[in-house]
Structure formats: structure tokens, C-alpha cells
Amino acid sequence: MKRIYISEEYCIGCRLCEIHCLVAHTKSKKILKAFKDEIPKDATAAVLVEEEGHLSFALQCRHCSDAPCIEACMTGAMYRDKKTGAVLHDEDKCVGCWMCIMVCPFGVTAADPATHKITSKCDLCAGQDSPACVANCPNEALVYEDRENES
């Protein structure tokens, strides 16, 4: 299965991956229009840049082969797409129990404190050739590829 991988040595912490992730999930798909009219001020991208000193890297769902979030989800809101193998989230089935957040070994799923529902979960930009974060990374710190020997 294709997944997103990060090369920390190339990440400069520009956060363009976060911006393009948010924009990719809007109706217009246009940066200025999306930020002006579509993206809430408190929106969280499904990819987050972590920084520690001079080191920075993008962190998002790893679409684990054993996906503890799927096992922990009592409603089936977290599921694996049969066609792509990606771990996805059905907002309509989510009851806001946060079990997926508690069991994620990477801490990459976020929820809205007001609704308790999951608001940030990487979907690999379903239907696109490449996720927006990868396609728009200026240093090619993010790659989308299949590495057979990794789970």
C-alpha cells in the first residue's frame, strides 16, 4: 500500500503541507478563496508539522496495517478502504468517544472539543494521484510510495 513518508533532513518547517491539506478538503480548492470563505479559523489540517530545535517533520496518519484505531472504534466510523487500504473515518458514524485518539501510537487524530467528533484524519486525498501535502512540498520532504518491507 502506498503511504506518505517523511525525510526529516529535507523538511524546513514551512508548513505548506498543512495549508495545502486544508485547501484540498474545501469545495473551491483555491487557497485565497478557501481561507477567506471556507476554512474555519480554528481548522486543523490532517498533517501537522512538529518542530524541535532545528529539526522539523510532518506528522500524519500512517494508515497502519494493524490499525488500532479501527479495532478500538465501537461504531465502525474508523475503517479500512477495501480498494486502497487507507484507514478512513466516517464522520456520520462517529459518536465522539475518542477511542481512536487514545489508541493511536502516533497521536495524529484530532477532535473538536465542542462536538467531540474527529475533525482531522488523513485520507490520503482520496481520488487524487498524490496527496496534496506531498504534491506541494517544496523540498520533496514528503513522498508517497509503496515500501514493501514496512508495515
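Quick check: anything in the range 60-69 farther than 25 Å from residue 19 by Cα, out of contact with any strand residue (DSSP E or B) (no Cβ under 7 Å at 6 or more places or on another chain) and among the acidic types (Asp, Glu)? Lay out the reasoning, then the answer.
Filtering the range 60-69 down to residues farther than 25 Å from residue 19 by Cα leaves 65-69.
Filter once more, so that each one left must be out of contact with any strand residue (DSSP E or B) (no Cβ under 7 Å at 6 or more places or on another chain): 65-66, 68.
This time we only want the ones that are among the acidic types (Asp, Glu), so: 66.
The answer is yes, given that some residue of the range 60-69 is farther than 25 Å from residue 19 by Cα, out of contact with any strand residue (DSSP E or B) (no Cβ under 7 Å at 6 or more places or on another chain) and among the acidic types (Asp, Glu).
Quick check on residue 29: is it loosely packed, with under 15 Cβ neighbours inside 10 Å, touching a Ser or Thr at 6+ places or on another chain (Cβ under 9 Å) and of a type outside the set (S, T, N, Q)?
Taking the combined requirement at face value, the residue does not satisfy it.
Screening residue 100 against (1) outside any loop (DSSP other than H, G, I, E, B); (2) in the same structural domain as residue 17 (by TED's automatic domain parsing); (3) without any contact (Cβ under 8 Å) to a residue 40 or more places away in the chain; (4) not β-branched (Val, Ile, Thr) leaves a single unmet condition, (2). Filtered by the rule that a residue be assigned to a loop (DSSP other than H, G, I, E, B) and surrounded by 17 or more Cβ atoms within 10 Å (Cβ to Cβ), the range 118-135 gives 121, 122, 123, 124, 125, 131.
For the range 49-71, the candidate set comprises residues that are of a type in the set (A, V, I, L, M, F, W, C) and assigned to a strand (DSSP E or B); within that set, the residue that is surrounded by the fewest Cβ atoms within 10 Å (Cβ to Cβ) is 55. Looking at 76, 107, just one residue is surrounded by fewer than 18 Cβ atoms within 10 Å (Cβ to Cβ) and farther than 25 Å from residue 139 by Cβ, and that residue is 76. Within the range 69-88, the set of residues being at pLDDT below 95 and farther than 11 Å from residue 126 by Cβ comprises 82, 85.
Per-residue answers, yes or no, for (1) under 21 Å from residue 144 (Cβ atoms); (2) in the same structural domain as residue 5 (by TED's automatic domain parsing); (3) of a type in the set (Val, Ile, Thr):
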| site | (1), (2), (3) |
| --- | --- |
| 28 | no, yes, no |
| 33 | no, yes, no |
| 39 | no, yes, yes |
| 56 | yes, yes, no |
| 90 | no, no, no |
| 111 | no, no, no |
| 117 | no, no, no |
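Residues of the range 54-62 include at least one that is at pLDDT below 95 and over 26 Å from residue 100 (Cβ atoms).
Residues in the range 12-42 that are in a loop (DSSP other than H, G, I, E, B), in contact with a helix residue (DSSP H, G or I) (Cβ under 9 Å, 6 or more places away or on another chain) and not β-branched (Val, Ile, Thr): 25, 27, 28, 29, 30.
The values are calculated or read from the model by the stated rules, or taken from the named source; none is laboratory data. Keep in mind that what you see is a predicted model, and the values were worked out from it rather than measured. In this analysis, Cβ positions are derived from the backbone assuming ideal geometry, glycine residues included, and neighbour counts consider all displayed protein chains.
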